[in-house]
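Chemist: Submitted below is the structure of interest, expressed as structure tokens.
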Amino acid sequence: MPSSTPLDKFSYDDDIVRKFALATLIWAAVATVAGLFVALLLVVPDLSFGTPYLTFGRLRPLHTNAAIFAFAGNAIFAAVYYSTQRLCKARMWSDTFSKLHFWGWQLIIVLAAITLPLGMTQGKEYAELIWPIDLLIAVVWLGFFGTNFFMTLKHRRERHMYVALWFYIATIVTVTILHVFNNLVVPFNLFEGYSIYAGVQDALMQWWYGHNAVAFFLTTPFLGLMYYFLPKAANRPVFSYKLSIIHFWSLVFIYIWAGPHHLHYTALPEWAMTLGMVFSLMLWMPSWGGMINGLLTLRGAWSKVAEEPVLKFFVVGITFYGMATFEGPMLSIKSVNGLSHYTDWTIAHVHAGALGWNGMMSFGMLYWLLPRIFQTKLYSKKMANWHFWLGTLGILAYIVPIYVAGLTQGLMWRAFDEAGNLAYPDFVETVQAIEPMWWARVFGGALFIAGIGLLAYNWLMTWKTRPSKYEEPVIEAAPLSKDYADGPAPTSEYQGHAVSDLGQRFDVWTQAHWHRIWERLPMKFTVMTVFAVLLASALELIPSFMIRSNVPTIDTVKPYTPLELAGRDIYVAEGCYNCHSQMIRPIFAETERYGEYSKPGEFIYDRPFQWGSRRIGPDLAREGGKQSHLWHLRHLRDPEATTQGSAMPQYPHLEQTKLNFAGIPDRVEAAAMLGAPYEAELLHAQDMARAQAKTIVAELVAQDGPDRIFFDPADAANEAAYDDPSKYIMLEETQAIALIAYLQRIGVDLHAAEEVGEEPSMVAENPADATPARTVGGAR
Amino acid sequence: MSAPENELTGHEYDGIEEYDNPLPGWWSALFALSAVFAVFYVVYVHLGEEGKDLHAEYDAEAAEVMEIRFGQLGTLTADRDTLLQYKDDEKWLVAGKAVFQTHCVSCHGKDGEGLVGVNLTDDHYKHITTIEDIVKVIEDGAAGGAMPAWKNRIPHVNQVVLTAAYVASLRGTHAAGGKAPEGKEIPAWDAPAEP
């Protein structure tokens with residue numbers, strides 16, 4: 001290469017890093033305070049003040065979305081924008097795109113913060129945002145962020161891409177794929193749409209997405225962050241280049257398969273669960289590869305760790321990563337999952353990951369960045385140390401009680417007493433048992449937030465001492481020449497020895513020369529990553545869509561009526577799935593408590609599926625016909641009135657809000673388009689809905705219930721008020737009746753035929769032909 | 001570790017260097033082991049003999065618990081004599097009580113005192129005149145769904161019978177905070193049937 005090549009002169013854009021860093025701080029505070037609030041709602045349900053906007057079901061998604069996409073998201077962007085420029089020796093390709101990315105992403109977060117409390121949701125975890133926002137996400141993520149990143153790679157002045165960049169590439173392409181495919185809906189108005197997948201398939205897609213959001217939003221970009229900021233802060237070489245290669249590719253390929261471990265014991269075909277389990281176990285070492293490379297990079301620098309808060313944050317962050325990625329595979333073992341699933345165990349697990357790994361890594365990075373982006377000294381190292389201790393203790397004070405809570409609840413649910421009966425038959429007992437642990441969690445979370453407060457103060461004081469004008473050092477680097485020869489291909493050290501040709505080739509392969517070539521070819525590298533992700537996704541997903549026997553049809557399962565459909569959408573909007581599952585697993589304690597276990601064919605009209613992931617309240621998969629309409633009405637109004645000790649918020653607004661009957665035909669049409677065999681419903685949806693609402697209210701009245709709700713309850717005793725329509729709302733007009741219509745339908749179709757016919761009751765037929773065990777076991 | 005440890009690769013990015021260290025042996029071994037286990041597990045559960053799946057496990061567990069629960073009891077019939085016999089049988093009423101605590105308390109209250117549903121601890125009943133009627137109401141429901149039908153929900157006849165017996169046993173306990181009586185007063189459970 002001729003040495004006379006003129007050097008390019010350029011500078012790095014640190015302004016965008018300052019922006020993303022500040023957004024990280026702000027959203028860290030918002031996300032954790034929202035978390036603290038929803039944690040309080042569980043112990044003091046009245047904190048929602050009877051308003052619909054502050055209920056757990058609506059705010060929990062706000063907390064999770066803010067933590068993942070706002071806090072962690074902005075941290076990722078700060079890391080990517082700072083490190084990519086330096087690793088590529090190039091300014092970001094377009095300052096405009098950087099800004100569009102920044103403001104676009106903040107706009108998305110603000111829209112999320114507005115729509116979620118309003119009950120606008122798709123009802124799929126971590127994919128709650130409605131379709132117009134989803135479109136915006138795709139544009140901002142791939143169009144602005146992705147384009148800017150890849151164009152920067154293209155114009156880089158560093159021949160080879162460092163491992164941090166590999167992880168960024170995997171993040172950008174995979175998140176795009178996950179986001180697009182999981183959010184495909186048929187819109188039926190400006191805010192709502194039905195998932196193109198239903199039931200079992202929707203569940204599989206959702207957890208393919210959900211698990212890999214953890215993988216490619218909360219893991220790979222943070223590994224990239226670690227690979228840049230940790231060796232920088234420790235000033236030590238990375239432990240092993242080869243380990244980087246192997247653990248990167250194994251993570252990218254294997255992670256994709258692991259999703260179904262979120263669906264153990266559900267109506268998912270068991271082969272899919274098995275794949276989810278074994279691939280999760282295989283993920284253990286690839287994950288630990290990252291931990292080893294992080295921790296062993298600190299060999300010889302441990303004395304530095306003791307005095308440098310940045311490194312302390314990193315060490316604890318990486319340790320939590322190691323812990324969480326050991327626990328993850330363990331939880332993916334079917335029998336362990338049978339105990340842990342739907343309990344707080346999962347909540348403890350994800351907070352070890354989110355607060356421990358994502359939180360501490362972000363804070364470490366921020367403390368390292370602050371003096372650099374503000375070109376001054378950190379205001380107080382001591383305060384940073386305090387933050388470190390508050391954060392670490394806060395995490396422990398959060399997760400330990402929640403692990404205890406999860407284990408307690410899991411064991412209580414399945415416990416039989418010595419006589420073979422459920423030891424804790426009343427669900428609410430299992431909630432009350434863990435309430436003290438929920439209080440402890442509030443304390444731990446508050447400690448963690450106090451740490452963020454210290455960061456904010458330290459930040460402000462550091463920022464105050466910034467120079468009046470930031471320096472923009474001019475960097476000089478040569479552009480990449482067109483002609484480049486890779487180093488000589490390595491030879492096997494076994495050449496000439498008694499080692500087979502294949503063995504020698506393997507030896508050469510392990511020297512990773514081939515990978516070194518990939519590292520200077522971003523396009524090829526990206527294509528290979530996409531290929532790994534798509535191949536794994538296709539192998540996991542396609543069989544469940546193609547093979548009919550995976551979801552055997554049940555003749556008696558019929559589509560929802562127009563009113564039930566509207567009621568179901570209220571169920572989704574209120575976020576009921578955040579506390580109630582709709583999936584009875586084939587575990588005997590569970591069928592004793594909730595009824596016959598769920599079958600895949602029962603969910604074919606469920607868009608989205610509502611299996612849930614946590615039981616703060618009982619399972620609802622067979623709720624239909626289990627309670628009277630009147631019970632539901634009273635329970636929705638004030639859960640404490642029917643279930644003492646209930647943690648459920650009050651929903652009085654449902655019986656005082658008119659149902660939008662005019663919007664029902666659109667729902668029916670969209671469902672029909674997706675395959676629900678509607679006929680008369682397509683022409684008379686509104687009338688049918690009104691007729692069913694009338695019928696339900698008539699039944700309600702027969703059960704000694706009201707036919708109208710007075711806005712002032714005292715008016716019910718006032719005869720004159722009955723003649724004044726401004727004082728009441730007829731129940732048949734209300735959302736409550738639609739929701740009750742849906743609740744009364746859940747899970748009843750399985751036995752629908754039996755109820756229509758004049759079949760003899762079980763008791764009459766039982767004694768003659770059934771032994772106890774067969775009666776129960778034969779339920780399948 | 002062996003000699004070539006801590007040789008640098010010669011790569012350098014923004015001041016960051018990399019060692020050319022080999023993969024830790026235990027790491028590679030465990031990774032390989034997890035892959036081998038995966039193959040064996042799949043073969044064992046899905047390609048080997050039947051009965052390793054979750055549904056078979058469920059059947060086995062159900063049989064086991066039901067044996068503990070009703071093994072000594074046999075299969076009951078839902079007739080008057082059985083109900084009268086078991087309503088005073090503390091030992092077996094626990095099975096009925098467990099069902100009651102699982103499914104009935106949300107409407108009838110923890111001690112049967114009545115919430116949305118009727119008080120079961122007084123002498124007044126709405127759809128019941130004889131003890132056998134309790135079974136009927138449990139199975140088919142009553143009052144237009146105010147009392148739901150449970151026949152598809154309680155899988156074992158013994159549970160139905162013992163739940164009915166347990167409900168019968170609540171009569172006259174007059175639980176604290178009980179709902180006002182509804183329906184009409186009916187003869188004692190063991191009163192001879194009226195002609």
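Only the coordinates and a few stated rules stand behind these numbers; no lab work does. Being a predicted model, the structure only gives us computed values, none of them experimental. Counting neighbours? That spans all protein chains shown, and the Cβs are built from the backbone with ideal geometry, glycine included.
Chemist: Can you compute 3J(HN,Hα) from phi for each residue in the range A:496-504, using the Karplus curve 6.51 cos²θ - 1.76 cosθ + 1.60 with θ = phi - 60°, rounded to whole Hz and x for Gly and Pro?
Modeler: Ordered by residue, 3J(HN,Hα) equals x, 8, 7, 10, 4, 4, 4, x, 5 Hz.
Chemist: A further question on this structure: For the range A:305-354 and the range A:360-381, what is the centre-to-centre distance using only Cα atoms, to the nearest Å?
Modeler: So the separation of the two Cα centres works out to 25 Å.
Chemist: Taking the Cα centre of the range B:54-185 as origin, work out the dipole magnitude from +1 charges on Lys and Arg Cβ and -1 charges on Asp and Glu Cβ, in debye rounded to 20.
Modeler: Dipole of the range B:54-185, to the nearest 20 debye: 360 debye.
Chemist: Run through the range B:140-195 and list the chymotrypsin sites (Phe, Trp or Tyr not before Pro) located in a DSSP loop whose Cβ has at most 14 other Cβ atoms within 10 Å.
Modeler: When the chymotrypsin sites (Phe, Trp or Tyr not before Pro) of the range B:140-195 are filtered for loop state and at most 14 Cβ neighbours within 10 Å, nothing remains.
Chemist: If you don't mind, another one. Quick one: putting +1 on the C-beta of Lys and Arg, -1 on the C-beta of Asp and Glu, what dipole do you get for the protein assembly as shown around its Cα centre, in Debye to the nearest 20? Display every interim value, and only then the final one.
Modeler: Values: 71 positive and 100 negative charges, 997 e Å.
Result for the protein assembly as shown is approximately 4780 debye, rounded to the nearest 20.
Chemist: If I build a Gaussian network model for chain B, linking alpha-carbon pairs within less than 10 angstrom, which residue out of B:73, B:47, B:170 has the largest mean-square fluctuation?
Modeler: B:47
Chemist: Can you put A:750, A:743 in order, fewest other beta carbons within 10 Å first?
Modeler: On the way: A:750 20, A:743 24.
Ranking A:750, A:743 by Cβ neighbours within 10 Å, fewest first, gives A:750, A:743.
Chemist: Residue A:553 to residue A:326: extension gain in nm, 0.36 nm per residue of separation minus the Cα-Cα distance?
Modeler: That pair, residue A:553 and residue A:326, stretches by 77.9 nm at full extension.
Chemist: Of the listed pairs A:154/A:242; A:232/A:304; A:312/A:382; B:87/B:110; B:136/B:184; A:89/A:482, which have alpha-carbon separations greater than 20 Å here? Walk me through the numbers on the way to the answer.
Modeler: Numbers: A:154/A:242 25 Å; A:232/A:304 13 Å; A:312/A:382 13 Å; B:87/B:110 18 Å; B:136/B:184 18 Å; A:89/A:482 17 Å.
Check vs 20 Å cut-off fails for A:154/A:242.
Chemist: Moving to a separate point now. Taking each residue of A:423-430 in turn, how many C-beta atoms of other protein chains fall within 10 Å of its C-beta, and what is the average?
Modeler: Shielding by partners across A:423-430 averages 4.
Chemist: Then there is this: With loop defined by DSSP as not H, G, I, E or B, and exposure as at most 11 other Cβ atoms within 10 Å, which is the longest segment of chain A clear of exposed GluC sites (Glu not before Pro)?
Modeler: Counting at most 11 other Cβ atoms within 10 Å as exposed, the longest clean stretch of chain A is A:1-417.
Chemist: Below 19 Å, Cα to Cα, which aspartates and glutamates can residue A:377 reach? Residues fewer than 8 away in the same chain don't count.
Modeler: Leaving aside aspartates and glutamates fewer than 8 places away in the same chain, those within reach of residue A:377 are A:14, A:15, A:307, A:308, A:471, A:472.
Chemist: Turning to a different aspect of this structure: Given a Förster distance of 60 Å, report the FRET efficiency between residue A:95 and residue B:60 from their Cβ-Cβ distance, rounded to the nearest 0.05.
Modeler: FRET efficiency, residue A:95 to residue B:60: 0.35.
Chemist: Percent relative contact order of the range B:5-46, based on C-alpha pairs within less than 8 angstrom and at least six residues apart? Mind dumping the intermediate values first?
Modeler: On the way: 22 pairs, mean separation 11.0, N = 42.
About 26 percent, as a whole number.
Chemist: Along the charge dipole of the protein assembly as shown, pointing to its positive end and built from +1/-1 on Cβ of Lys, Arg, Asp and Glu, which listed residue (B:119, B:138, A:436) has its Cα farthest out?
Modeler: Toward the positive end, the furthest listed residue is A:436.
Chemist: List the GluC sites (Glu not before Pro) within the range B:7-73 that DSSP assigns to loop and that have no more than 10 neighbouring Cβ atoms inside 10 Å.
Modeler: B:7, B:49, B:50
Chemist: Another question about this same structure. Cut-off 10 angstrom, C-alpha nodes, Gaussian network model of chain B. Which of B:105, B:65, B:39 fluctuates the most?
Modeler: Its mean-square fluctuation being the largest, the pick is B:39.
Chemist: Connecting C-alpha atoms closer than 10 Å in a GNM of chain B, tell me which of B:161, B:36, B:137 has the biggest fluctuation.
Modeler: Of the options given, B:36 has the highest mean-square fluctuation.
Chemist: Roughly how crowded by other chains is peptide A:279-290, in terms of the mean Cβ count from those chains within 10 Å of each of its Cβ atoms?
Modeler: 4
Chemist: Further question: Quick one: dipole size for the range A:50-135, taken about the Cα centre, charges +1 on Lys/Arg Cβ and -1 on Asp/Glu Cβ, in debye to the nearest 20.
Modeler: Values: 7 positive and 4 negative charges, 59 e Å.
With only Lys, Arg, Asp and Glu charged at Cβ, the dipole is about 280 debye.
Chemist: While we're here: Which is farthest toward the positive dipole end of the protein assembly as shown among B:187, B:31, A:682, measuring Cα position about the Cα centre, with Cβ charges +1 (Lys, Arg) and -1 (Asp, Glu)?
Modeler: Of B:187, B:31, A:682, it is B:31.
Chemist: I would also like to ask the following. Do the sum for chain A: with -39,500 (n - 2.57) for every DSSP H run of n ≥ 4, divided by all residues, what is the mean residue ellipticity at 222 nm, to the nearest 500 deg cm²/dmol?
Modeler: So the calculated ellipticity at 222 nm is -18500 deg cm²/dmol.
Chemist: Would you work out the relative contact order for chain B, in percent, from Cα pairs under 8 angstrom that are 6 or more residues apart?
Modeler: 21
Chemist: What is the order of A:115, A:376, fewest Cβ neighbours within 10 Å to most?
Modeler: By the 10 Å Cβ count, ascending: A:376, A:115.
Chemist: Shielding of A:82-90 by partners, i.e. mean partner chain Cβ atoms within 10 Å per residue?
Modeler: Per residue, the average neighbour count from other chains is 2.
Chemist: Could you calculate the contour length gain from residue A:483 to residue A:523, that is, 0.36 nm times the residue separation minus the distance between their Cα atoms, to one decimal place in nm?
Modeler: Details: separation 40, 0.36 × 40 = 14.40 nm, distance 1.72 nm.
Stretched fully, the residue A:483-residue A:523 segment lengthens by 12.7 nm.
Chemist: Using alpha carbon centroids, what distance separates the range A:30-90 and the range A:204-252, in Å?
Modeler: 22
Chemist: Let me ask another. Quote the relative contact order of chain A in percent (integer), defining contacts as alpha-carbon pairs under 8 Å separated by 6+ residues.
Modeler: 16
Chemist: Find how many whole Å separate the alpha carbon centroid of the range A:659-734 from the alpha carbon centroid of the range B:72-110.
Modeler: The two parts, judged by their Cα centres, are 39 Å apart.
Chemist: Once label points are set 7 Å from the Cα along Cα→Cβ at both residue B:35 and residue A:702, what is their separation, rounded to one decimal in nm?
Modeler: The answer from the label model is 6.6 nm.
Chemist: Now for a separate question. Rank the residues A:10, A:314 as a footprinting-exposure proxy: fewest other Cβ atoms within 10 Å of their Cβ go first.
Modeler: Fewest-to-most Cβ neighbours within 10 Å comes out as A:10, A:314.
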